[in-house]
Amino acid sequence: MKIAGVVLAGGQSSRYGQPKMFELFAGQPLYKHSLIALQKNQLQPLIIATNASLQSKFVEEKVQWIIEKQPHQGPLFALQNIMTNFPDVEWFFVVASDMPFIHADFIQTMLTFIDDRYDAIVPKQDSRLQPLAALYRRSALPIANQLVQQNKRSMKVLLEQLQVCYVPFEEESSTFININSQQDWHQTFERKSNNE
């Protein structure tokens, strides 16, 4: 069974003011933390989904690329595009490029929930879902196709129509902290030190 590791790195970073996935955190560009966590679990192929204006800024060699023809269409559009372009992959572990605390152990834990009964495996913190640190099975593609054709962009709408395994995580878990604005860095470290 083929499980791909996917880093979504095509966002506009409009609140951040510049492409945030290249900001350095612990000596590495932000996107690299997601990529390394997937790499350490031997997921193949490793895919970076981005757009033409950002691709040249990445320094990766051992990855495959999905370059969005229409940039900034959102994660559902990206997921549908990736699944269509990799027909031999059964599961796709999708991770956003702005989550500095995604780590290999989290990826490993999520992989243990893979089961033919599910179309998706999604972390959940109380009532908050984390669809951009989740596994999606090829069986989700027909519904993703349908939603994209209807110009619907919400991952939540996709999940409502799939068989989903929700994996509970503590509300305090720093794994899912993401960086949207420059101010988030300060709050991020505050939250992380409070949780340790």
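Things worth noting here:
- Matching residues, the range 100-138, being part of a loop (DSSP other than H, G, I, E, B), of a type outside the set (D, E, K, R) and farther than 22 Å from Met83 by Cα: Pro100, Phe101, Ile102, His103, Ser127
- Residue in the range 62-79 that is open to solvent by 30 Å² or more (accessible area, probe 1.4 Å), β-branched (Val, Ile, Thr), free of Cβ contacts under 8 Å to residues at least 40 places away in the same chain and part of a loop (DSSP other than H, G, I, E, B) present: no
- Qualifying residue in the range 42-60 (condition: at pLDDT below 90, in contact with a helix residue (DSSP H, G or I) (Cβ under 6 Å, 6 or more places away or on another chain) and not in a loop (DSSP other than H, G, I, E, B)): no
- Tally, over the range 103-127, of residues that are in contact (Cβ under 8 Å) with a residue 40 or more places away in the chain and open to solvent by 10 Å² or more (accessible area, probe 1.4 Å): 13
- Only residues that are within 18 Å of the chain's Cα centre (by Cα), touching a residue at least 60 places away in the same chain (Cβ under 8 Å) and over 15 Å from Met83 (Cβ atoms) were counted in the range 139-156, giving 2.
- Counting residues in the range 157-176 that are closer than 13 Å to Val94 by Cα, touching a helix residue (DSSP H, G or I) at 6+ places or on another chain (Cβ under 8 Å), open to solvent by 40 Å² or more (accessible area, probe 1.4 Å) and outside any strand (DSSP E or B) gives zero.
- When the range 136-155 is filtered for residues that are modelled with pLDDT of 95 or more, touching a Leu at 6+ places or on another chain (Cβ under 7 Å) and open to solvent by 50 Å² or more (accessible area, probe 1.4 Å), nothing remains.
- Against the conditions (1) modelled with pLDDT of 85 or more; (2) open to solvent by 30 Å² or more (accessible area, probe 1.4 Å), Gln18 satisfies every one except (1).
- Selection status of Val89, assigned to a loop (DSSP other than H, G, I, E, B), at pLDDT 95 or above, hydrophobic (A, V, I, L, M, F, W, C) and open to solvent by less than 10 Å² (accessible area, probe 1.4 Å): yes
The values are calculated or read from the model by the stated rules, or taken from the named source; none is laboratory data. None of the values given here were measured: they were computed from a predicted structure. Cβ: placed from backbone, ideal geometry, glycine included. Neighbour counts: every protein chain shown. Side chains included, ligands, DNA and RNA excluded: accessible areas come from the protein's heavy atoms. Shrake-Rupley method; radii C 1.70, N 1.55, O 1.52, S 1.80 Å.
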